[in-house]
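> Structure below; questions to follow.
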Amino acid sequence: MKTSVGPLRRSLGTHALLVIASLCVTAWIGSAPSAHAGDNPAKDDKEVVSEEKTLQERHSDLISEWKAIKRKGSTAERAATLKKATALYKDAAEDDKLRLKILAFVGTAAKGTKGDETRTMMLHTIADIGDLRAAKYIKPYLRQADPKKAPPLLATAVATAMEVPDPSLVGPLLKIVTTSKLSGIIEEAVQALGKFKAATKQRARILKTLVAEAKKVKPGARPRMRGGQEDIQGGSAGSTPFGRETGASARWAALSACVPSALSELTGQDIGGMEEWIRLVKQSSGKLGRLFVAK
């Protein structure tokens, strides 16, 4: 009996072809470029995001870091941490609750510390942030118990108020102008008050008070008397680190030099001289609101 080899040969040939084709496909796949993490942007982006700390985590880290360096850390370390607070505040533009927490952190950062260094950095940070809601942390430093002496942080607090012109600071600044005997601090307070244009309910009060103060010490004006002595005291140059003791003439010189520019900024009116402001306010008595123009 003869065995037919034709079909067997054909079957073996077909099998061999399939094996060869399979090997070729395997070789082609093996030679293709392998996929790396960098070749998948979407995956990379997700990985990067997952590695970044959330705003809340950054806030927690900020608090922990400050506790560690508050009393024993170097000046540079404390300054760097407060800068992180400023950066975090800016990044939290869509999270106002977190911003309030950051303001509270900055405003109380100096609590429990000795000296004025940390308080100075705190005020500078508040000025950098510029949020009006931080005014309550500035207000305690806008005090001059002795009109002939300036507390160490008074000048810094006044400068900070220029960057945070909240209406609640108008009263303390005006008190400095009306009671201080130091021309330097008077000038700084006046310049700060010029920044309160947006405080629409306080502007007329600022205008009226500044002009009235200048009018009282205008050359030829009759000085007020109290207890047999002039209300505005004279004296030699003081030894305080900020400003000098001033009499009526020095006070007029200081006010006439800084009030006009401050009022121009406050009102939008381009008026150069102090006497012109005195005349204008007198003519507009009862209608001071008309002196404020939009620019």
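The values are calculated or read from the model by the stated rules, or taken from the named source; none is laboratory data. Computed from a prediction, not measured in an experiment: that's the story for all the values here. Every residue, glycine as well, gets a Cβ built from its backbone with ideal geometry; the counts of neighbours run over all protein chains shown.
> Could you please find all residues in region 91-117 being assigned to a helix (DSSP H, G or I), within 16 Å of the chain's Cα centre (by Cα) and touching a residue at least 12 places away in the same chain (Cβ under 8 Å)?
If the condition is that a residue be assigned to a helix (DSSP H, G or I), within 16 Å of the chain's Cα centre (by Cα) and touching a residue at least 12 places away in the same chain (Cβ under 8 Å), then Asp91, Leu98, Arg99, Leu100, Lys101, Ile102, Leu103, Phe105, Val106, Gly107 are the ones that fit.
> Which one is modelled with the lowest pLDDT among residues in region 226-275 that are part of a helix (DSSP H, G or I) and farther than 17 Å from Gly194 by Cα?
Residue satisfying both the conditions and the ranking: Ala248.
> May I pose another question? So, in region 137-183, of the ones that are assigned to a helix (DSSP H, G or I) and charged (D, E, K, R), which residue ends up surrounded by the most Cβ atoms within 10 Å (Cβ to Cβ)?
Selected residue: Glu163.
> For region 166-181, give me the residue count where each residue is of a type in the set (Lys, Arg) and without any contact (Cβ under 8 Å) to a residue 40 or more places away in the chain.
1
> Which of the residues that make up region 64-89 are in contact (Cβ under 8 Å) with a residue 12 or more places away in the chain, exposed (fewer than 13 other Cβ atoms within 10 Å of the Cβ) and part of a helix (DSSP H, G or I)?
Within region 64-89, just Thr75 meets the criteria.
> Out of region 182-195, which residues are in contact (Cβ under 8 Å) with a residue 40 or more places away in the chain and not basic (Lys, Arg)?
Listed by number, the residues that qualify are Leu182, Ser183, Gly184, Ile185, Ile186, Glu187, Val190, Gln191, Leu193, Gly194.
> Does Lys136 fit the bill of being among the basic types (Lys, Arg) and over 21 Å from the mean Cα position of the chain (by Cα)?
no
> Quick check on region 191-204. Is at least one of its residues surrounded by fewer than 24 Cβ atoms within 10 Å (Cβ to Cβ) and more than 24 Å from the chain's Cα centre (by Cα)?
Checking region 191-204: at least one residue is surrounded by fewer than 24 Cβ atoms within 10 Å (Cβ to Cβ) and more than 24 Å from the chain's Cα centre (by Cα).
> Sticking with this one: Got at least one residue in region 103-123 being farther than 20 Å from Leu153 by Cβ and either in contact with a strand residue (DSSP E or B) (Cβ under 6 Å, 6 or more places away or on another chain) or surrounded by 14 or more Cβ atoms within 10 Å (Cβ to Cβ) (or both)?
Checking region 103-123: not a single residue is farther than 20 Å from Leu153 by Cβ and either in contact with a strand residue (DSSP E or B) (Cβ under 6 Å, 6 or more places away or on another chain) or surrounded by 14 or more Cβ atoms within 10 Å (Cβ to Cβ) (or both).
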